[in-house]
Every structure is written in structure tokens, then in C-alpha cells.
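Here is the structure we will look at, set down as C-alpha cells.
Computed from the coordinates by the stated procedures, all read-outs in this text should not be read as laboratory data. Remember, it's a predicted structure, so these values are computed and weren't measured experimentally. A quick note on method: Cβ atoms are made from the backbone with ideal geometry, for glycine too, and the neighbour counts reach across all protein chains shown.
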């Protein structure tokens, strides 16, 4: 059974559980997706992983999502709400310190790439304090033909995120406003993106092409993300950033 801090009272919580915390953002996702996209995806992955582990008998608790992250690159778009990396580091550290009073292990499930620097500082520091904590990205397995990595030109508000949202919350997606964005590989966009923000490389905020997205594809992608995180958890190997590593072979 999976427990949720948002709805369960304290007497129901299992002893020394694994606590999974989604980490997202409140940032623009083009004219067709909500600001909560990263948070909703991270929460769905966290819940799916928790349910998978619970079936195998592991006591798991899902915590409310950290909905504000480091999104400065999107700040030129109205509505984006970022706390920056320094504040996020402090938030993650203090949250994990508090949870460690009753949790057996802590896992951050990250849905926004801009949060990686903060996680890579906070989690190793917590490990150095002897907390049992790690983090994982909401990433598709290597080799997925629709992985949408930096070479696929689908890094933000494109087909992958749109498909995921059509599956998770179709009422929040406005396909009539979806349009092809900048499809250059992220590696080519990064220098200008880092110096001037997303708006300098895409007037709509889309990096990719959301057209052709479907809820069926979103369901498949979510299942693959959950499976990828589960494989990292099962392996249990933490790298120097505090991130759970993929199994040998990357599957």
C-alpha cells in the first residue's frame, strides 16, 4: 500500500518508510501547456514508482511536491516563478533533515533539468551528514526512439511533454495553441540560452514540436519513465552527484 502525506493521517504511516518527494517547477511550457507541467509529471512518476515498490512489500510514502524550482532561464515569460538554485539547495536540505526524523530513506524525483545543479549540491551534502537520501531524473531509458534528448530537438514543451500531459491532465492542454518551436538540438542552443534565456531562442517558449502528440504515447512514455526510475532504485548505486545510476547497459 502506498501512503500520501497530502491525505493520510500520521497514525497510518508505516515505520521508517521510503519517502519519495517529487521536485518540479512553476515555469512556462509554451502557449499550450500549464506552468505545473514539470511538477505534474514528477508527481506521476513518483506515484507510479511508489505503487510499484509497494506491490513488492516496501513501505512507501509520497510527499507533496516541491513545486518551485530553479527556472531563471524562463523568467522572461510572465507567470514563471523561480526560487533559484541557492534557495532550492536550502529547501531540499532542510526538508530532508526534517523527514529523516521518521523516514528510513528519502528519494527526490526530479522533473525539471534546471533543478539538477541544486540537487547535485544538496544531496551529496546530506549524504555527508549520514542521511539516506538520493535523487533520480524523470528520464526515459537510453535508446528510446522518442527519448527527446538534446539530439532529438524536443527538450521543452514539445511532443514528449505534450503527450505526457494529454495522458495525465488533458483538460489542461490546449492543442489549438500548440505550434512548432525551435527544433535545434539543445546542445546547439545552450550557449545563447544560458546567457539570454529561453525567449532568446524561442519566442513561444517551445523547444521542439508538440504536433502529433497523443495521450496513448504519453501513457507509454510515463510507463517507461517509471520503469527507468524503478531500475535505478533496484540497483541502488549512487554517483558523486547523489543520483541513483542506471543499471549496467543503461536499461
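At a Förster distance of 41 Å, what's the computed FRET efficiency of residue 55 paired with residue 194, Cβ-Cβ distance as r, to 0.05? Let's see the in-between values first.
Details: r = 42 Å, r/R0 = 1.02.
The calculated FRET efficiency here is 0.45.
Calculate for the chain the 222 nm mean residue ellipticity that helices alone would give, adding -39,500 (n - 2.57) per DSSP H run of length 4 or more and normalising by residue count, nearest 500 deg cm²/dmol.
On the way: 6 runs with 90 residues, N = 251.
The helix-only estimate for the chain comes to -11500 deg cm²/dmol at 222 nm.
Between segment 183-251 and segment 119-138, the C-alpha centres lie 20 angstrom from each other. Between 203, 85, 155, the GNM of the chain built on Cα springs shorter than 10 angstrom shows 203 fluctuating the most. By the count of neighbouring beta-carbon atoms within 10 Å, fewest first, 1, 165 end up ordered 1, 165.
With both labels modelled 7 Å from their Cα along Cα-to-Cβ, the residue 174 to residue 94 distance reads 3.6 nm. Among 11, 170, 22, which one moves the most in a GNM of the chain with springs linking Cα atoms closer than 10 Å? Judging by the Gaussian network model, the answer is 11.
Any chance you could tell me what percent of the C-alpha pair distances in segment 105-251 go past 26 Å? In whole percent, the long-distance tail amounts to 33.
At 7 Å along Cα-to-Cβ for each site, give me the label-to-label distance between residue 125 and residue 224 in nm. For the pair residue 125/residue 224, the computed spacing is 3.5 nm.
Across the alpha-carbon atoms of segment 193-250, the computed radius of gyration and Dmax are 16.8, 42 angstrom.
For segment 2-235, what does the convex hull of the Cα positions come to per residue, in cubic angstrom?
Values: hull volume 28.9 nm³, N = 234.
Spelled out: Cα convex hull of segment 2-235, divided by residues, is 124 Å³.
Can you work out the FRET efficiency for the pair residue 102 and residue 75, with r the C-beta to C-beta distance and R0 = 45 Å, to the nearest 0.05?
Working: r = 36 Å, r/R0 = 0.81.
Efficiency computed from Cβ-Cβ geometry: 0.80.
For the chain, with a Gaussian network of springs between Cα atoms less than 10 Å apart, report the residue from 96, 200, 139 with the top mean-square fluctuation. Of 96, 200, 139, the Gaussian network model singles out 200 as fluctuating most. Bridges between two residues of the chain, per DSSP, are antiparallel at a rate of about 15%.
Fewest-first ordering of 92, 244 by other beta carbons within 10 Å of each residue's beta carbon gives 244, 92. Applying 1/(1 + (r/R0)^6) with R0 = 41 Å to the Cβ-Cβ distance of residue 86 and residue 216 gives a FRET efficiency near 0.50. Note on 138, 243: ascending count of other Cβ atoms within 10 Å places them as 243, 138, the fewest first.
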